[in-house]
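One structure below.
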Amino acid sequence: MIELSGIAKSFGRHPAVSDVGFALDKGVFAVLFGPSGCGKSTLLRMIAGLERPDHGTIAISGRLVSGDVHVPPESRQVGLVFQDLALFPNMTVAANIAFGLRGASGGSSRVEEMLKLLRLEPLRDRLPHELSGGEQQRVAVARSLAPDPDVLLLDEPFANLDAELRARVREELIEILKRTATTVIMVTHDREEALSAADELMVMIDGTLVQSGDSREVYEQPVNKEVGLLLGDGNLVEGLVRDEIVHCCLGEFPAMSHPDGACELFVRSEHIECSTDASLSARVVGGDYYGHDASASLLLADGTALSLRQAHGDLPIIGSQIGIRVSGPVCIFD
Amino acid sequence: MQTNRRSRVQAPAPLLIVCSLIGLLVLSPLVYLFIRAFEGGGFAETVSAIFGTDTLVYGLRSLGLAAVVAVASVSLSIMLACFTLADDLPFRRLCTILAVCPLAVPCYVGAAVYIGVFSPGGLLGGVTASLGLSPGWFSGFWASAFVLTMFVYPLAYLPIRAGLRRVDRSPYEAARMLGRSRLMAIRFGVLPQLRSSIVSGGLLVGLYALGEFGAVSLLRCNTFTRVIYIQYESAFDRTGAAVSSLALVGLIALVLLLGRWMRGTSYQDRGGRGVSPLKWNIGHWRWGAFLVCLCLVVLAIVIPLLSLFSWWGRGSGSIDASSGLVDPLVNSLFLALMAGVIVVVLSIPIALLATRYPSRLSGMIDRMSHIGFGLPGLVIGLSLVFVALRLVPAMYQSWFILILGYCVLFLALAIGPVRAGFEQASRTVDEAARTLGAGWWRRFRCLLLPVVRPGLFGAFLLVFISTSKELPCTLLLSPAGTHTLSTRVWQYTDEAMYAEASLPALALIFLSGVLVAILTWREELLEKS
């Protein structure tokens with residue numbers, strides 16, 4: 001469906017994207033996730049044709065659009081929803097949606113279809129500035145979806161919504177997009193958004209694609225500590241591998257196939273839990289209450305600092321000594 | 001952060017070529033002035049001509065006049081801005097609007113009026129007689145300073161009022177909270193924020209006074225501009241006129257540099273967000289403040305209108321309405337319309353280049369097209385006379401060269417609002433349209449034009465007003481025997497035919513009054529939406 005290989009782009013002497021390649025099947029909802037400035041928006045703009053890659057090729061539906069040729073954005077069949085939405089301020093909702101439909105594709109019925117799909121029918125004659133944030137969001141998606149693009153690109157589409165609205169709009173839109181079986185690439189730096197939406201999660205750091213795969217797989221088995229910490233809280237402790245066993249301050253774990261020598265262990269904060277019959281003892285030095293969950297800072301006897309996260313709100317008393325144990329998977333890095 | 005690192009798009013070649021041609025067109029008169037000045041007797045003679053005899057005296061007088069007018073206008077403007085932004089000024093809205101109105105009276109009309117007012121038989125002719133002053137006492141340096149200040153100060157008032165309105169009160173309040181007196185808090189908390197608008201207002205007025213020709217000529221004040229015109233007109237000393245013009249250009253450059261140095265660092269760029277404006281009251285003195293505003297209105301609007309109407313009434317029998325009013329009016333309207341349309345069309349590619357494809361080259365072209373901003377009409381008119389006589393004599397004193405003169409003079413005026421319009425058009429909207437399959441023409445017509453249209457209209461109005469008021473360029477370049485309203489006023493007043501001058505003068509005031517009103521009303525509307 002869409003295939004990138006060896007894509008690189010630099011601005012001046014500053015490399016923004018280097019050697020990125022991936023392929024997505026039709027109907028996949030992919031998420032490009034990474035910290036701000038990691039090059040994910042630039043990658044998206046190259047797929048849209050708004051930037052021209054320095055190296056590499058992009059093919060959409062089997063047609064080469066970037067590489068030796070450069071197909072301009074207006075003839076690419078790619079939809080793009082901008083972070084600032086970029087609705088046409090002087091056009092009504094219906095006119096915005098109809099803008100990309102020219103002649104052949106049976107304009108007005110398609111507009112009706114889109115208005116219905118995104119529940120915009122009562123708002124058809126409004127101007128963009130008369131809409132709420134969530135409504136504007138839906139118009140932007142309807143406008144990009146109307147010409148039935150081969151790929152729909154979303155550039156941090158929910159970034160400008162306030163927190164409460166954001167979750168609702170996001171769920172609703174993702175549900176609609178999945179129903180229409182559109183191939184989607186969404187860029188975000190919000191971990192919750194990335195993990196919940198992605199069929200295929202692609203993590204980008206410093207212009208390179210570091211890991212991609214199923215959300216759960218990426219979350220539980222990050223390829224390095226950067227990816228691990230980017231997707232959620234965790235603890236890094238030093239360890240030593242000997243005879244296929246890792247020894248560290250948290251105990252002993254199977255080393256998988258890691259060679260002998262020094263290593264780092266990564267344990268998610270929620271995979272450390274309080275337990276009365278544990279062999280490990282830690283002192284509670286601080287805690288934060290978040291409502292739906294809570295976290296605590298712990299100090300082991302040897303001075304190692306750990307963080308713990310638990311779903312229920314009854315935190316251990318600060319200053320007390322508690323028993324802990326590791327309850328989930330442990331990742332081992334070099 | 002991410003948007004800053006976007007690749008710079010290279011401007012399309014046709015656009016670059018068109019813009020360079022416009023820039024060269026605008027620059028050509030000045031270049032030719034240089035050639036003409038150094039041509040006659042070589043470098044040494046030109047230099048000795050500049051520093052010789054009276055040139056230095058005229059230069060100092062011009063600078064002095066500009067300085068006096070600038071300081072007076074800025075002081076007056078600060079006072080008026082404080083009054084009209086105070087919460088308790090009586091008839092505040094009315095005063096706000098009336099304070100801009102003197103702009104509708106061209107300087108030379110103001111000068112003509114005051115010469116007439118103080119002449120025997122004029123509105124205040126009795127004052128002249130009873131004080132035992134000679135009949136022509138209202139002339140020279142101080143009379144020019146008075147007239148210029150009276151009718152040009154709105155150029156400073158507008159930016160200063162806008163600046164005062166944007167002042168953030170928190171530095172002032174912080175200074176008060178830290179134990180400073182009210183005066184010191186204004187000194188440290190308010191003035192730094194106002195500095196930039198005060199300097200640009202003063203600079204605008206100073207440059208205007210430096211290049212003003214009509215009023216100083218009528219008032220017989222021997223500044224550079226008057227001397228240049230006399231050299232050109234009576235002695236036919238063309239090289240002398242070119243050398244003096246060049247010296248004037250040098251003075252202007254000096255003043256611009258001075259302005260740049262005085263402006264220093266700008267403290268105003270806070271993005272306009274989250275600013276809570278300063279509020280104040282006048283208190284006991286508010287009726288006094290109102291009286292001051294009233295006085296100004298009387299001096300700058302009531303007296304001119306009254307005396308113009310009385311002259312008209314007195315001489316209505318002897319005036320030939322066709323050659324005195326109708327023909328010049330038609331000519332003025334035609335020229336203003338043509339200049340307005342052409343200048344706006346020329347400003348579009350320049351504004352497009354500057355906003356969409358910023359680069360060193362486009363910056364240079366942008367600066368080139370602003371050359372008319374500082375140059376007086378007299379200098380541009382003169383250089384175009386030289387260009388025409390040398391290169392295409394057939395063009396000398398044709399409509400074509402006159403309109404070219406207006407383009408050079410007013411292109412900078414039009415670029416401002418057109419550029420602002422282009423800046424409002426979001427770049428992502430354009431990109432969104434591209435991803436939806438729209439070509440450049442459709443994007444221009446459906447998305448860019450609707451957003452830019454108000455800016456284009458504003459630019460057109462500005463050029464229209466300026467063209468209909470313009471005097472020196474018109475005087476030098478208009479075809480022999482044809483007159484516009486402005487040249488008619490000048491000619492009649494110069495010959496002391498006040499009754500005949502009254503009709504075109506009234507027409508001019510009425511025309512620019514209506515247009516200024518439309519312009520201010522439009523800006524109010526734009527500000528609201």
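When region A:79-134 is limited to residues that are among the hydroxyl-bearing types (Ser, Thr, Tyr) and part of a loop (DSSP other than H, G, I, E, B), the one that is nearest to the chain's Cα centre (by Cα) turns out to be A:Ser132.
Of the residues B:Phe118, B:Phe91, which single one is surrounded by fewer than 18 Cβ atoms within 10 Å (Cβ to Cβ) and either in the same structural domain as B:Met150 (by TED's automatic domain parsing) or not basic (Lys, Arg) (or both)? Spell out the reasoning first.
On the way: B:Phe118 fails: surrounded by fewer than 18 Cβ atoms within 10 Å (Cβ to Cβ).
B:Phe91 is the lone residue from the list that is surrounded by fewer than 18 Cβ atoms within 10 Å (Cβ to Cβ) and either in the same structural domain as B:Met150 (by TED's automatic domain parsing) or not basic (Lys, Arg) (or both).
Can you spot a residue in region B:278-286 that is within 28 Å of B:Gly136 (Cα to Cα), at pLDDT below 85 and not in a loop (DSSP other than H, G, I, E, B)?
The initial filter retains those residues of region B:278-286 that are within 28 Å of B:Gly136 (Cα to Cα), namely none.
No.
For region A:1-21, the set of residues classified as out of contact with any Lys or Arg (no Cβ under 7 Å at 6 or more places or on another chain) and either within 14 Å of another protein chain (Cβ to nearest Cβ) or surrounded by 17 or more Cβ atoms within 10 Å (Cβ to Cβ) (or both) consists of A:Ile2, A:Leu4, A:Ile7, A:Ala8, A:Lys9, A:Ser10, A:Gly12, A:Arg13, A:Pro15, A:Ser18, A:Val20, listed by residue number. Of the residues making up region B:181-237, those that are among the hydrophobic types (A, V, I, L, M, F, W, C) and in a loop (DSSP other than H, G, I, E, B) are B:Phe213, B:Leu219, B:Cys221, B:Ala235, B:Phe236. Inside region A:186-212, can you point out the residues that are in contact with a strand residue (DSSP E or B) (Cβ under 7 Å, 6 or more places away or on another chain), surrounded by fewer than 22 Cβ atoms within 10 Å (Cβ to Cβ), assigned to a strand (DSSP E or B) and in contact (Cβ under 8 Å) with a residue 60 or more places away in the chain? Correct list: A:Glu200, A:Thr208, A:Ser212. Taken over region A:135-157, the residue count meeting the criterion of being in a helix (DSSP H, G or I) and either in contact (Cβ under 8 Å) with a residue 24 or more places away in the chain or within 16 Å of A:Leu50 (Cα to Cα) (or both) is 10. Considering region A:279-313, and only residues there that are among the charged types (D, E, K, R) and farther than 15 Å from A:Val237 by Cα, the residue that is surrounded by the fewest Cβ atoms within 10 Å (Cβ to Cβ) turns out to be A:Asp288.
Kindly check whether there is at least one residue in region B:438-448 that is modelled with pLDDT under 85 and under 15 Å from the mean Cα position of the chain (by Cα). Within region B:438-448, none of the residues are modelled with pLDDT under 85 and under 15 Å from the mean Cα position of the chain (by Cα).
The requirement of being under 23 Å from A:Ser212 (Cα atoms), within 13 Å of another protein chain (Cβ to nearest Cβ) and modelled with pLDDT of 90 or more is not satisfied by A:Val65. Under the condition of being of a type in the set (Ser, Thr, Tyr) and at pLDDT 90 or above, the residues counted in region B:469-496 number 4. If the condition is being surrounded by fewer than 24 Cβ atoms within 10 Å (Cβ to Cβ) and away from chain A (no Cβ under 14 Å), then region B:451-464 contributes B:Leu456, B:Phe457, B:Gly458, B:Phe460, B:Leu461, B:Leu462.
The set of residues in region A:302-327 being in contact with a Lys or Arg (Cβ under 8 Å, 6 or more places away or on another chain) and in a loop (DSSP other than H, G, I, E, B) consists of A:Gly319, A:Ser320. In the set (1) within 14 Å of chain B (Cβ to nearest Cβ); (2) under 16 Å from A:Gln83 (Cα atoms); (3) of a type in the set (A, V, I, L, M, F, W, C), the condition left unmet by A:Leu127 is number (2).
Looking at A:Glu74, is it in a helix (DSSP H, G or I) and within 14 Å of chain B (Cβ to nearest Cβ)?
Working: in a helix (DSSP H, G or I): yes; within 14 Å of chain B (Cβ to nearest Cβ): yes.
Yes, satisfied.
Before we move on, is B:Leu462 under 30 Å from B:Leu251 (Cβ atoms) and either modelled with pLDDT of 85 or more or not assigned by TED's automatic domain parsing to the domain that holds B:Leu337 (or both)? Yes: the conditions hold for B:Leu462.
For region B:422-435, filtered to residues that are among the aliphatic types (A, V, I, L, M) and more than 14 Å from A:Ile47 (Cα to Cα), the residue that is nearest to the other protein chains (Cβ to nearest Cβ) is B:Val429. Of the residues making up region A:30-44, those that are within 8 Å of chain B (Cβ to nearest Cβ) and either surrounded by 24 or more Cβ atoms within 10 Å (Cβ to Cβ) or at negative phi (or both) number 3.
Across region B:476-524, which residue is surrounded by the most Cβ atoms within 10 Å (Cβ to Cβ) among those that are charged (D, E, K, R) and in contact with a Phe, Trp or Tyr (Cβ under 9 Å, 6 or more places away or on another chain)? Walk me through it before giving the result.
First, pick out the residues of region B:476-524 that are charged (D, E, K, R): B:488, B:494-495, B:500, B:522-524.
Pick out the ones that are also in contact with a Phe, Trp or Tyr (Cβ under 9 Å, 6 or more places away or on another chain) and you get B:500, B:522.
Values: B:Glu500: 24, B:Arg522: 14.
By that ranking, first place goes to B:Glu500.
Does A:Val65 satisfy being in a strand (DSSP E or B), buried (at least 18 other Cβ atoms within 10 Å of the Cβ) and either in contact with a Gly (Cβ under 8 Å, 6 or more places away or on another chain) or among the charged types (D, E, K, R) (or both)? Taking the combined requirement at face value, the residue satisfies it.
One residue alone among B:Leu448, B:Leu411 is more than 13 Å from every other protein chain (Cβ to nearest Cβ) and either in contact with a Ser or Thr (Cβ under 9 Å, 6 or more places away or on another chain) or part of a helix (DSSP H, G or I) (or both), and that residue is B:Leu411. What's the total number of residues in region A:252-301 that are farther than 25 Å from A:Glu217 by Cβ, part of a strand (DSSP E or B) and either in contact (Cβ under 8 Å) with a residue 12 or more places away in the chain or polar (S, T, N, Q) (or both)? Result for region A:252-301: 18. Pairing each residue of region B:137-163 that is without any contact (Cβ under 8 Å) to a residue 24 or more places away in the chain with any residue that is in a loop (DSSP other than H, G, I, E, B) and surrounded by fewer than 21 Cβ atoms within 10 Å (Cβ to Cβ), provided the two are 6+ apart or on different chains, yields C-beta distances under 9 Å for B:Trp137/B:Leu131. Consider A:Leu24 carefully, then state whether it is under 10 Å from A:Gly207 (Cα atoms) and either away from chain B (no Cβ under 14 Å) or not polar (S, T, N, Q) (or both). Considered against the rule, which asks whether it is under 10 Å from A:Gly207 (Cα atoms) and either away from chain B (no Cβ under 14 Å) or not polar (S, T, N, Q) (or both), A:Leu24 comes out as no. Right, A:Arg52: more than 11 Å from chain B (Cβ to nearest Cβ) and either under 15 Å from A:Asp148 (Cβ atoms) or not in a helix (DSSP H, G or I) (or both) or not? Here the answer is no, as A:Arg52 does not meet what is asked.
The values are calculated or read from the model by the stated rules, or taken from the named source; none is laboratory data. Predicted model, so just to flag it, every value in this text is computed and none were measured. Backbone-built Cβ (ideal geometry, glycine too); neighbour counts: all protein chains shown.
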